[in-house]
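None of the figures in this text is laboratory data; all of them are computed from the coordinates on show. Keep in mind it's a predicted model, so treat the numbers as computed, not measured. Backbone-built Cβ (ideal geometry, glycine too); neighbour counts: all protein chains shown.
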Amino acid sequence: MIIYLHGFDSTSPGNHEKVLQLQFIDPDVRLLSYSTLHPKHDMQYLLNETDKIVRSGDDERPLICGVGLGGFWAERIGFLSDIRQVMVNPNLWPQENMAGKINRPEEYIDIATKCVSNFREKNRDRCLVLLSRSDEALDSQRSAEELHNFYEIIWDEVQSHKFKNIAPHLQRIKAFKTLG
C-alpha cells in the first residue's frame with residue numbers, strides 16, 4: 001500500500017499521473033486529500049486518516065509519499081505513524097513560502113517546535129528524498145543540505161517542481177518500500 005499526499009495544488013492533473021505511476025510499484029495506491037489551508041487541522045486529519053488507511057490494509061510495509069507540501073506532511077505523518085516515507089521536492093519551510101496562500105502559515109513553526117525533538121535523527125534512513133535540480137518553486141540545494149545527513153537523496157536532472165514523471169525512480173522507490 002502507498003498513501004499519496006498531494007502538494008499545495010491539490011487539483012493538478014500531475015497528482016493522478018503520479019498515482020498511476022506508483023501503481024507499478026503497488027496496485028494499492030490511495031490518494032489522501034487534505035485542505036492545505038489550516039496546518040494544525042491538516043496534521044490531525046492526516047494522522048487520523050493515515051491510521052485508518054494503514055489499519056484497513058494488510059500491507060506489512062506501507063509507504064507514504066508526498067510531493068511539495070505533501071512531502072512536508074509525508075515525512076512527519078510517516079514518522080509519527082511508523083511507516084517509511086518518500087518525499088518529492090518537499091516544501092520544508094512552508095512558513096516562509098506559503099504566506100498569502102494559506103491561513104496561519106506560522107502554525108508550521110508551531111508544529112515544528114512541538115514535534116518530537118530530533119525527529120529526523122530518530123527517522124534516519126526511513127525516508128527517501130527525490131529532488132529536482134531545476135525546481136522552480138523551491139531551493140532544492142537548501143533542502144538537500146537540511147536532509148542529506150539523515151536520508152538518501154536522489155537527484156533528478158529533468159523534472160521541475162511538480163515532478164510529473166517519477167517513472168525513472170520507480171525501481172528505487174520499490175526497493176526502498178520492500179526493505180525490511
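Principal axis extents for region 1-83, Cα atoms only, whole Å, descending order, please.
For region 1-83, the Cα spread along each principal axis is 31, 28, 17 Å.
With loop defined by DSSP as not H, G, I, E or B, and exposure as at most 14 other Cβ atoms within 10 Å, which is the longest segment of the chain clear of exposed trypsin sites (Lys or Arg not before Pro)?
Within the chain, the longest run free of exposed trypsin sites (Lys or Arg not before Pro) spans 1-100.
Among 29, 45, 13, whose Cα projects farthest towards the positive end of the dipole of region 1-61, with charges put on the beta-carbon of Lys, Arg (+1) and Asp, Glu (-1)?
Ranked along the dipole, the leading option is 45.
What does the chain give for Rg and for Dmax, in Å, if only its C-alpha atoms count?
Cα-based Rg and Dmax for the chain come out at 14.8, 42 Å.
Under 19 Å between C-alpha atoms is the cut-off here; go through the chain and count lysine pairs that meet it, provided they're at least eight residues apart or on different chains.
Total qualifying Lys-Lys pairs in the chain comes to 11.
With charges set only on the Cβ (+1 for Lys and Arg, -1 for Asp and Glu), what does the dipole of region 67-180 come to about its Cα centre, in debye to the nearest 20?
460 debye
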